[in-house]
Amino acid sequence: MAVKIDQIDCHLLEALQQDASLSQRALADKVGLSQNACWRRLRALEEAGVIEGRTVVLDRAQLGADLVVFVMVKTRHHSAQWLTAFRRHVRTIPNVIDFFRIGGEYDYMLKIVARDMADYDRCYKLLIDGVELETVTSFFAMEAIEEQRPIPLSPV
């Protein structure tokens with residue numbers, strides 16, 4: 001069930017998505033609240049689970065991690081036990097930055113960030129080691145046109 005948010009909450013969340021490093025004073029000024037009112041709203045959004053954490057967006061190219069691979073996985077196994085083992089296994093691979101169970105032709109999609117093809121190959125070998133998979137198909141990103149876009153918000 002979605003949490004009810006109003007227009008002020010939307011402004012707070014939009015500002016944080018743009019720059020999570022804003023001080024509470026700067027955030028309050030940006031959305032037209034007192035610091036206390038801003039703090040109370042932030043606490044309520046955190047307690048409701050709307051804000052799960054705050055993070056920093058890094059420039060992959062500056063860090064030498066500019067190979068992005070979308071990996072599509074098919075499996076014959078759909079038991080809860082296998083799924084738990086697979087999730088645990090994928091979480092051990094630090095290069096997997098996004099991981100989804102999906103509908104359609106494939107069962108899972110992973111987004112992997114690597115330094116180069118050799119680094120990706122190491123990740124691939126880790127992925128297929130120890131977990132039975134039917135098909136693993138890799139798609140290599142040529143260019144990141146949009147990444148880390150803010151979630152569009154409207155009052156609920």
* To do: Could you tally the net charge around residue 57, taking each other residue with its Cβ under 15 Å from the Cβ of residue 57, Lys/Arg +1 and Asp/Glu -1?
  => -2
* Net charge of Cβ neighbours under 14 Å - reference residue 109; Lys, Arg +1; Asp, Glu -1 -> +1
* Length added when fully stretched, residue 51-residue 156, from 0.36 nm per residue minus Cα-Cα -> 36.2 nm
* Per-pair calculated FRET efficiency, R0 = 22 Å: residue 149 and residue 121 via Cβ, rounded to 0.05 -> 0.15
* Heavy-atom surface of the range 60-140, accessible at 1.4 Å and reported per residue (Å²) -> 61 Å²
* Take peptides 12-25, 133-146 and line them up by average Cβ neighbours within 10 Å, highest first, as a rough protection proxy. => 12-25, 133-146
* Output the peptides 73-81, 107-115, 27-35 sorted from most to least packed, where packing is the average of other Cβ atoms within 10 Å over each peptide's residues. => 107-115, 27-35, 73-81
* To do: Please state the charge dipole magnitude for the range 7-48, taken about the Cα centre, from unit charges on C-beta atoms (+1 on K and R, -1 on D and E), reported in debye and rounded to the nearest 20.
  => 160 debye
* Asked: When the helix-only estimate is applied to the chain (DSSP H runs of n ≥ 4, each -39,500 (n - 2.57), divided by the residue count), what is the mean residue ellipticity at 222 nm, nearest 500 deg cm²/dmol?
  -> -11000 deg cm²/dmol
* Can you give the direction-averaged projected area of the convex hull of the alpha-carbon atoms in the range 7-48, in nm²? -> 2.6 nm²
* To do: Could you tell me, in Å, what Rg and Dmax come out for the Cα atoms of the chain?
  => 19.7, 56
* Calculate the tail of P(r) for the range 60-140: the fraction of all Cα-Cα distances greater than 16 Å, expressed in %. => 48 percent
* To do: Calculate, for residue 101 and residue 139, the FRET efficiency according to 1/(1 + (r/R0)^6) with r their C-beta to C-beta distance and R0 22 Å; round to the nearest 0.05.
  => 0.80
* Be a star and scan the range 126-156 for residues whose amide nitrogen sits under 15 Å from the point 7 Å along the Cα-to-Cβ vector of residue 77. => 127-136
* **Separation between Cα centres of the range 30-56 and the range 83-137, rounded to whole Å** => 34 Å
* Structure fact -> Rounded to one decimal in nm, the spacing of the 7 Å Cα→Cβ label points at residue 40 and residue 128 is 5.8 nm
* Just need log10 I(q)/I(0) for the range 103-156 at q = 0.15, 0.25 Å⁻¹, Debye formula, equal scatterers on the alpha-carbon atoms, no solvent, rounded to two decimals. => -0.64, -1.17
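The values are calculated or read from the model by the stated rules, or taken from the named source; none is laboratory data. Just so it is clear, the structure is predicted and the values come from calculations on it, not from any experiment. Positions of Cβ are generated from backbone atoms using ideal geometry, with glycine treated the same way; all protein chains shown enter the neighbour counts. For the accessible areas, the whole protein counts, side chains as well, though only heavy atoms, and no ligand, DNA or RNA atoms are used. Shrake-Rupley method; radii C 1.70, N 1.55, O 1.52, S 1.80 Å.
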